[in-house]
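Structure first, then comments.
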There are 2 protein chains.
Amino acid sequence: MAGGPTTNSESLRADSARVRARMLRAARERVAAGDLDLPMNAVAKAAGVGVGTVYRHFPTRHALLESLAAERFALLVQAAEQAVTCPDVAVGLARLLRAALEHQRGDPALAVVLSASDNACQETTELVRALAEAVDRLLERAREAGAIRPEITAEDVRALFCGLQRTVQVGGDTELYIDILLRGIRP
Amino acid sequence: MAGGPTTNSESLRADSARVRARMLRAARERVAAGDLDLPMNAVAKAAGVGVGTVYRHFPTRHALLESLAAERFALLVQAAEQAVTCPDVAVGLARLLRAALEHQRGDPALAVVLSASDNACQETTELVRALAEAVDRLLERAREAGAIRPEITAEDVRALFCGLQRTVQVGGDTELYIDILLRGIRP
DNA sequence: ACCTGAACACCGTTCAAGT
DNA sequence: ACCTGAACACCGTTCAAGT
């Protein structure tokens, strides 16, 4: 017969991956509908699995949020890396700020994950590191060009991302707030 | 016997006020302990009243938060009014920013109320109006002195308060973030 | 008038039982 | 190995019954 332990384990894994994808899809639908609560029971029901399965894959709600945010987080990292290669470093900074805003607006889970002080998933830790690395390179270039206050760190930039997102959320004038921040970080 | 409808109604009101104070004290203790959840049942139990009584006084949790925040909110309004009378308008702006941060740090309920888009209590609406009025006067003085971008409104300042608070919460360098904002709002 | 607290619905979380 | 879902504890909210 085709099938031994390997095939069996693979089919288990394949099934597990399918179940995981179903849960993420269900959770994403809720978030897209504006509900960041993500009740585990509700996610389970929407995904057609038992609650225990949700907990097996995502030990905490924050772990679930991180998994949801990962995709957009990777796009933000990409944007940061592209900003580094921007000929005009000031333009790079401006693009990065816009990208940070846009991705947080596009996925509220990302806004939560970016302002969290620690991560549940290895994947997130990796993304945080990659973002910090790209931002560090951008800051270094900006310092050399005299385009930024030299004491600003990648951690500060992350905090400023979160604050800017909140400012935009509370107030109305996105362009003004971006501009205030861009001017404020100049030397 | 002493007592007619008036006395009776007054004693009811007095009792009601006492009960209300007990609930607010209980809620404040929970918030001070770092718990912004404020479960209505828990507040009721801690205050030694029935849940229905909590709901009678505070129709929603946000109404409860507003009542909690009112005291600090009034202090913030005072700070804004003092900032207006500051001989050096730039110093006034800096003091106001610091006061906004300090009061939000001192009462997390205020941070929530400041970033809420609408209010449950009349009292809060009044405080919001008073703050906007003081800030408007300060902005007017700052514009005349050429100390601020002229397009910034009191609403923008409220949004910037909220964003600054978040930045500080996520990052570590309060002084840097205050300074970035102060520079950013200059013309 | 105002307060109480039982009642119902819902969510978090665990864990014995299934496949 | 992995999944299920009953079970228990807790919270939101309402409303009939008390004073």
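The values are calculated or read from the model by the stated rules, or taken from the named source; none is laboratory data. Worth saying up front: this structure is predicted, and the values here are computed from it rather than measured. For neighbour counting, all protein chains shown are included, and Cβ atoms are generated from backbone atoms with ideal geometry for every residue, glycine included.
Under the condition of being away from every other protein chain (no Cβ under 11 Å), in a loop (DSSP other than H, G, I, E, B), within 17 Å of B:ALA69 (Cβ to Cβ) and in contact (Cβ under 8 Å) with a residue 40 or more places away in the chain, the residues counted in the range B:108-164 number 3.
Selection of the range B:44-82 for residues being within 16 Å of B:ASP15 (Cβ to Cβ) and without any contact (Cβ under 8 Å) to a residue 12 or more places away in the chain yields B:GLY50, B:GLY52, B:ARG56. B:ASP136: modelled with pLDDT under 95 and of a type in the set (D, E, K, R), yes or no? Taking the combined requirement at face value, the residue does not satisfy it.
Restricting attention to the range B:165-178 and to residues that are over 16 Å from A:ALA116 (Cα atoms) and surrounded by fewer than 21 Cβ atoms within 10 Å (Cβ to Cβ), the residue that is nearest to the other protein chains (Cβ to nearest Cβ) turns out to be B:ASP173. In the range B:96-118, which residue that is at pLDDT 95 or above and of a type in the set (S, T, N, Q) is nearest to B:ALA79 (Cα to Cα)? Step by step, filter the range B:96-118, then rank; the result is B:GLN104.
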